[in-house]
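Structure first, commentary second.
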Amino acid sequence: MFKINKNFAIFYGILLDDGSLSLIRRNMKFITISSCIHDDGSFVHEIIVPILRKLRGKETNFKLRPKYGVIEFNFTDAKLFDFMASLGFPIGKKGNTINIPKLFYERNLVKYVVQGYFAADGSLVLTKNPNLLYPRLEASSISKKLMKQICKFFNDSEINCKFYERKTKVWKWKQQYRIQSNGRKNLKIFARKIGFINPKHKERLNRL
């Protein structure tokens, strides 16, 4: 029904962080994607809108919701909804069960799932150490399996990655997990082997 290709893999990765499937009144099947209104405008226009156009064969509208600080897509698409659900994407709250399905490994598309996920959730942090900017790649999730999958993919791609359990009572969920990769060498390998697709990350990369 839908081609399992690069665009679909990126879309799946974005939804792992920014998206959800919601079943309303048992027959209304909504797909929602929420991105930050402050720095993800270019990401929405340059990446999410064209991917949805290719997947659905038509334009998908979004709304600006300044009160909540998001740019939101909220649309019904029963075929895409059912296809996502058939791959194991949870309906309702994602909770701590999200992961990269086996299908993407079989088709050598994990790179693009990671690309999409990092574009939505990942951070490229630049700190002065002491005068030069020192880069750090990081991402976090309540899904231990997802973080371990991405960390392993980093290490398999020769990007040194560490996995951490985040012990704090601030988070809504009991436990968060974090992955981190430090230094310019790892950043260069990431840029070459996985790649940044969110313009805000590209802009930060150009500052180095």
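Read the figures in this text as sums done on the coordinates, not as results from a lab. Here the structure is a predicted model, which is why all the values come from computation and not from measurement. Positions of Cβ are generated from backbone atoms using ideal geometry, with glycine treated the same way; all protein chains shown enter the neighbour counts.
Structural remarks
- Pairwise Cα distances in segment 117-205 exceed 17 Å in 49 percent of cases.
- Estimated 222 nm signal from helices in the chain, with DSSP H stretches of n ≥ 4 weighted -39500 (n - 2.57), rounded to 500: -10500 deg cm²/dmol
- Loop-located GluC sites (Glu not before Pro) in segment 58-120 whose Cβ has at most 10 other Cβ within 10 Å (DSSP): GLU59
- Scaled against 2.2 N^0.38 Å for its residue count N, the alpha carbon radius of gyration of segment 27-148 is 1.21.
- For ASN198, residues with placed amide H under 5 Å, excluding near neighbours: none
- Segment 117-205 - percent relative contact order, Cα under 8 Å, separation 6 or more: 31 percent
- Point-to-point label distance, GLU106-ILE91, nm (Cα→Cβ direction, 7 Å offset): 2.3 nm
- Converting phi to 3J(HN,Hα) with the Karplus coefficients 6.51, -1.76 and 1.60 and the offset θ = phi - 60°, segment 85-101 yields 5, 5, 8, x, 5, x, 9, x, 4, 5, x, 9, 9, 5, 6, 8, x Hz in sequence order, with x at every glycine or proline.
- Segment 6-95 - Debye-derived log10 I(q)/I(0), Cα point model, q = 0.16 Å⁻¹: -0.62
- Take every Cα pair under 8 Å whose residues are at least 6 apart in sequence, average their separation, divide by the length of the chain, and the relative contact order is 22 percent.
- Secondary structure note: in the chain, about 95% of the DSSP beta bridges are antiparallel.
- Dimensionless Rg ratio for the chain, taking C-alpha atoms and the 2.2 N^0.38 Å reference: 1.02
- Site pair ASN129 and GLU72 shows an inter-label distance of 3.9 nm when each label is modelled 7 Å from Cα along Cα→Cβ.
- Karplus 3J(HN,Hα) series, Hz, for segment 46-62 with 6.51 cos²θ - 1.76 cosθ + 1.60 (x for Gly, Pro): 8, 10, 5, 4, x, 5, 5, 4, 5, 6, 9, x, 6, 6, 10, 7, 9
- Taking θ as phi - 60° and the Karplus parameters 6.51, -1.76 and 1.60, the scalar couplings of segment 143-153 work out to 8, 5, 5, 4, 5, 5, 4, 5, 4, 5, 5 Hz in sequence order, x denoting glycine and proline.
- The trypsin sites (Lys or Arg not before Pro) of segment 82-181 that DSSP puts in a loop, and whose beta carbon has at most 16 other beta carbons within 10 Å, are LYS93, ARG107, LYS167, LYS169, LYS172, LYS174.
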